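The values are calculated or read from the model by the stated rules, or taken from the named source; none is laboratory data. In this text the structure is predicted, and so the values were computed from the model without any measurement. Counting neighbours? That spans all protein chains shown, and the Cβs are built from the backbone with ideal geometry, glycine included. Ligands, DNA and RNA are stripped out before the accessible areas are found, and what is left, the full protein with its side chains, is counted by its heavy atoms. Shrake-Rupley method; radii C 1.70, N 1.55, O 1.52, S 1.80 Å.
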Amino acid sequence: MQQQKKVTKWQIGAFALPSIPMAALGLPIVVYLPPFYGHDMGLGLTVAGTIFMLARFWDVFTDPVLGMVSDRFPSRWGRRRHWIVLSTPILIVAGYMLFMPSPPVTWVYLATWMFVLYIGWTLLTISHMSWGAELSGEYDERSTIQGVREFLLILGMFAVLALPAIIEGVSEDGAGGREKVAAMGWFILILLPITVGLAVWLAPEFRTAPQAQIPWQKAWSIIARNRLLQRVLVADLLVNIAPAITGSLYIFFAIHVMELPRHASLLLLVYFIFGFVGIPFWIRLSHMAGKHKTLAIAMCYGAVALPLVIFFPRGEFWWLFIGNSLYGIAYGAGSFLLRSIMADVIDTDYLETGQRRTGLYYSLLTMTAKIGAALAVGITYPILDYIGFMPGGGNSPETLNQFMGMYVTLPALTMLAAAAVMWGFPLGKAEQTQLRERIRALEGEHKPHDLSDAAAAVVQVGSAGGIVDRSGD
């Protein structure tokens, strides 16, 4: 990559704007649409959970394909922005069909439009994250860019949550499931083209050197033995399973277990507000302690904060307010820190191959996130049927206690596992600074097509998961 100009705060903000409707779309997919189609649209919990799980797994297969397409087919506007523009109409059409369905709705209708939605969703998220990774090569600035993106993601989440919270407040009977989903849908459909237009107009893409091409078999073999990548993907899977479980169960949890049907969306909004508030703290801590240790600290904190809800009295608004606030602080840390860490891991791949396969690497990261979300819905919803949970009410105390156990235990265990995976991660600020020096040296000494031949002088991933200099091999 050629020497980049310093990216300004305004450019970072413009780049991150599409995160608002992206989050406003992603949240209902996990929290509102599964119970909406399972209960309100009459498909049943097992059918709805299975479709949402299969749609996520379909997305897993399309992720690497669209990631490679994003890398290999630039335009005169850059490598990423044209793909973001192309994804917008796909999401608008699929979003309209999913958020404003006309009953009766069949499982075929839901499956079809979920599959279409995920094509546009994948193209948008991979291209946007890759664009952000390529805005800067500096260790801490990458955390800032991804942190601002996460900041606006959470802003989008609690902005869209305000709509069902308002509906709950003005609805005398506490109903309005279709109205809530439709309001969120219109919010997304209106905001998406506006924010995408501003981002591609105001934020830059820095020109890169021509890509070296290596055989795809060699390219995938390099990925397969990249121990750093493997740890990041495992951590991302675990980090995403935890909020996906609580998210997919939350509406039922707040209504039936905590007995707060009229405040469910408002209290979920509180959760995201505190996630929003916590982002600057996690950014600052990552600058001091490093990204991987900050991630581990955040996960341990979340694993302790979530189970506190077991001790809260039911039917008490302020107790769940406190619980959601404490747990929410940890929410935003995992996503942006892992995306920033992945940008550093991509540097090691570039040194070995001479290719900037940012889209491919981020497609693997989005793939693990989607697998986590798919497992959360596909496993927990059938378990709800198994324990005899009734979405309409009338559940026994035993059933509600089993629900509570699943709600707090599974996420806490996955967060602790993520902390264990990332605590000793060997690519910190000092190591990444050395990587950037090597990249600058190689780009100054070699033509772009010669970079892949400089493997004897580059940093590679050792079999133990550390970074070793193999110049003496």
* Structure fact -> HN-Hα couplings for the range 45-54 via Karplus (6.51, -1.76, 1.60; θ = phi - 60°), in whole Hz with x for Gly/Pro, come out as 5, 5, 5, 5, x, 5, 5, 5, 5, 5
* To do: With everything on Cα atoms, drop me the angle between helix 429-445 and the longest principal axis of the chain, reported from 0 to 90° to the nearest 10.
  => 40
* Asked: Any idea how many Lys pairs in the chain come in under 28 angstrom at the alpha carbon, given 8 or more places apart or on separate chains?
  -> 18
* Asked: How large is the Kirkwood hydrodynamic radius of the chain, in angstrom, based on all distinct alpha carbon pairs?
  -> 22.7
* What is the Cα radius of gyration of the range 230-305 over 2.2 N^0.38 Å, N being its residue count? -> 1.30
* Apply the Debye scattering formula to the range 94-151, with a single equal point scatterer on each alpha-carbon and no solvent, then give log10 I(q)/I(0) at q = 0.14, 0.22, 0.26 Å⁻¹. => -0.56, -0.81, -0.98
* Structure fact -> Per 10 angstrom bin, beginning at 0 and ending with the bin that holds the maximum distance, the Cα pairs of the range 287-343 fall in percents of 23, 42, 23, 11, 1
* To do: Determine the equivalent ellipsoid of the range 85-206 by diagonalising the alpha-carbon gyration tensor, then write out the semi-axes as square roots of 5 times the eigenvalues, largest first, rounded to whole Å.
  => 31, 19, 12
* About the Cα centre of the chain, what is the dipole size in debye to 20, counting +1 per Lys and Arg Cβ and -1 per Asp and Glu Cβ, all else neutral? -> 960
* Structure fact -> Sorted on mean Cβ neighbours within 10 Å (highest first), peptides 233-243, 300-310, 29-39 come out as 233-243, 29-39, 300-310
* Between the range 51-111 and the range 403-435, how many Å separate their Cα centres? -> 29
* Asked: Under a 5 Å amide H to amide H cut-off, with H placed in plane at 1.01 Å, what residues pair with L260 once short-range neighbours are removed?
  -> I255
* Under the Karplus curve 6.51 cos²θ - 1.76 cosθ + 1.60, θ = phi - 60°, whole-Hz ³J(HN,Hα) for the range 387-403, x wherever Gly or Pro sits -> 7, x, 5, 10, x, x, x, x, 8, 6, x, 4, 4, 5, 5, 5, 4
* Asked: In whole percent, what relative contact order does the range 35-116 give with Cα contacts below 8 Å and a gap of six or more residues?
  -> 38
* **Of G185, P21, P101, farthest towards positive along the dipole that unit charges on Lys, Arg, Asp, Glu beta carbons give the chain** => P21
* Enter the Cα centre distance for the pair the range 285-307 and the range 121-158, rounded to the nearest angstrom. => 19
* Asked: For Y96 and L308, what does the FRET efficiency come to when R0 = 35 Å and r is the distance between their Cβ atoms, rounded to the nearest 0.05?
  -> 0.30
* Could you work out how far helix 227-252 tilts from the main Cα principal axis of the chain, as a 0 to 90 degree angle to the nearest 10? => 20
* Ratio of Rg to Rh for the range 311-382, alpha carbon only, Kirkwood? -> 1.21
* Taking every Cα atom in the range 247-366, find the radius of gyration and the maximum pairwise distance Dmax, and write them in Å. => 18.1, 59
* Asked: Cα axis of helix 358-386 to longest principal axis of the chain: angle in degrees, 0 to 90, nearest 10?
  -> 20
* Asked: For the chain, what is the accessible area per residue in Å², given a 1.4 Å probe and the full set of protein chains?
  -> 39
* Asked: Can you list, bin by bin at 5 Å, the percent of alpha carbon pairs in the range 1-160, starting at 0?
  -> 2, 8, 16, 19, 18, 15, 10, 6, 4, 2, 1, 0
* Structure fact -> Kirkwood Rh for the range 1-77 from C-alpha pairs, in Å, is 16.0
* **Portion, in percent, of the accessible area of the range 243-307 that falls on carbon or sulfur, probe 1.4 Å** => 75
